[in-house]
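For reference, the structure discussed in these notes is given below.
The values are calculated or read from the model by the stated rules, or taken from the named source; none is laboratory data. Since this is a predicted model, take the numbers as computed values, not measurements. For neighbour counting, all protein chains shown are included, and Cβ atoms are generated from backbone atoms with ideal geometry for every residue, glycine included. Just so you know, the surface numbers come from the protein's heavy atoms only, side chains and all, with ligands and any DNA or RNA stripped out. Shrake-Rupley method; radii C 1.70, N 1.55, O 1.52, S 1.80 Å.
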Amino acid sequence: MNNFLVSVIVPVFNEEQNVEPLVKRLIPVVKNSPYEIIFVDDGSKDKTVENIKKQALKNKNIKLISFYRNFGHQMALTAGYKVAHGDCVVTIDADLQDPPEIIPEMIAKWQSGAKIVYAKRNEREGENFFKKSTASIFYRLINFLSDTPIPQEVGDFRLVDKQVVDFLNNLRERPSFLRGIVSWGGFPTDYVYFKREKRLTGKTHYGFFRMLNFALEGITSFSVKPLRMATYFGFMSGILGFLGIIYELIRKAISPQSFVIGWAGLFTAIMFLGGIQLITIGIIGEYIGKIYQEIQKRPRYLIKEQVNIS
Ligand code: UDP
Ligand code: MG
């Protein structure tokens, strides 16, 4: 028996069919140490909570926090980190896309000194071309825009040391993009590799718009480069406009009889400028929205019920 405590945090949202299979696969891989499995129910509307309670009755190491409503995957993880007592803490999806069987490998890397061990996908099964390519574009974009390198093909399946958990729990900001803030700390990092399986049952909660919002969240949380790019765009179109004026003036001086034709050119120019202006206002708005949310200091989630939590 090992002498360190392993915490496993599982965010769940409408995963009633996946609770029992997950527990069955998790216990054998963690039972060589004292362990706790913390389910964080993110406002499920199905029998998820009931099913977790059944498991928690049989096994005191299985714990539950449930939210009043859906606060999002990242908030569920945040709540899990707050109550986890482990010397190392693993976060894993409930749908068995992340195979629990690689946890011992993660623990071994942690024992040899890594403070963060990411599970990296080297293959994805059952995810369509669209999801794969958007994920890849997203990681490229975020790494181009952000000052914090965010590892590619890494989701929220990771192990972190107690130190990292303390760091996360003591942040004054309210991170909505945990994988970014985890990597921001610069803790010694290692990887284990796995093949991303199909979801056991149910379907993904991350459709196109949720992915897009999550991507914007990630970018604006870790960089102010978009603001700077807006400034550059402004300069560029300003310079173009200025050159245009000079060109027209010279043309008028050289051949006054040639008149300006076409509203089409004018129209495209207005549309182009209008577009750039709207995008720029949108970018500024994103950051103002973030400031607004931070100063409101509303709780990030509301806990309805806790089972076996000490
Ligand atoms: N999840 C959650 N709250 C949400 C959406 C998802 O707690 O609002 C959980 C979900 O139950 C799963 C994990 O987060 O355990 C990952 O979600 P999902 O499988 O839908 O995302 P994908 O794997 O498709 O990126
Ligand atoms: Mg999934």
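Numbers for the structure displayed
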| item | result |
| --- | --- |
| Degrees, to the nearest 10: 73-83 long Cα axis against longest axis of the chain | 40 degrees |
| Partner lysines for residue 54 [C-alpha distance under 19 Å; skip if fewer than 8 residues away on the same chain] | 24, 45, 63, 304 |
| Nearest-ten-degree value, helix 225-254 long axis tilted from longest Cα axis of the chain | 10 degrees |
| Rg(Cα) / (2.2 N^0.38 Å) computed for the stretch 36-108, rounded to two decimals | 1.12 |
| Diffusion constant of the chain at 37 °C, which comes from Stokes-Einstein with the Kirkwood Cα-pair radius and 0.692 mPa s, µm²/s | 149 µm²/s |
| Sulfur and carbon atoms: percent of accessible area, the stretch 3-123 [1.4 Å] | 50 percent |
| Sequence of 52, 284 from largest to smallest accessible area, 1.4 Å probe | 284, 52 |
| The stretch 215-310: mean projected area of Cα convex hull, nm² | 10.4 nm² |
| Largest-first principal axis extents, alpha carbons of the stretch 104-172, Å | 37, 32, 17 |
| Alpha-carbon spread of the stretch 1-126, three principal axes, descending order, Å | 41, 34, 25 |
| Accessible area expressed per residue, the chain, with surrounding protein chains retained (probe 1.4 Å, Å²) | 55 Å² |
| Per-bin percent of Cα-Cα distances, the stretch 92-134 [10 Å] | 23, 44, 25, 7 |
| Residue (of 303, 280, 229) at the positive-pole extreme of the stretch 206-310, dipole from beta-carbon charges | 303 |
| Unit charges at the beta carbon, dipole of the chain: most positive-side option, 292, 40, 241 | 292 |
| Highest average packing first - 285-297, 215-227, Cβ atoms within 10 Å | 215-227, 285-297 |
| Simple Cβ-charge dipole of the stretch 116-196, Lys/Arg +1 and Asp/Glu -1, about Cα centre, in debye nearest 20 | 220 debye |
| Computed over the chain: relative contact order in percent, which uses C-alpha pairs under 8 Å that are six or more apart | 23 percent |
| Accessible-area composition of the stretch 210-310, carbon plus sulfur, in percent [1.4 Å probe] | 74 percent |
| Between helix 263-296 and the chain: long-axis angle, C-alpha atoms, 0 to 90°, nearest 10 | 30 degrees |
| Two-decimal ratio, the stretch 138-222, of alpha-carbon radius of gyration to 2.2 N^0.38 Å | 1.18 |
| Cβ charges +1 (Lys, Arg) and -1 (Asp, Glu), total dipole of the stretch 1-149, debye | 200 debye |
| Amide H within-cut-off set for residue 93, under 5 Å, with H built and near neighbours excluded | 98 |
| Only Lys, Arg (+1) and Asp, Glu (-1) charged, at Cβ; the chain dipole about Cα centre in debye | 260 debye |
| Cα lying deepest toward the dipole's positive end in the stretch 83-124, options 118, 91, 103, charges on Cβ | 118 |
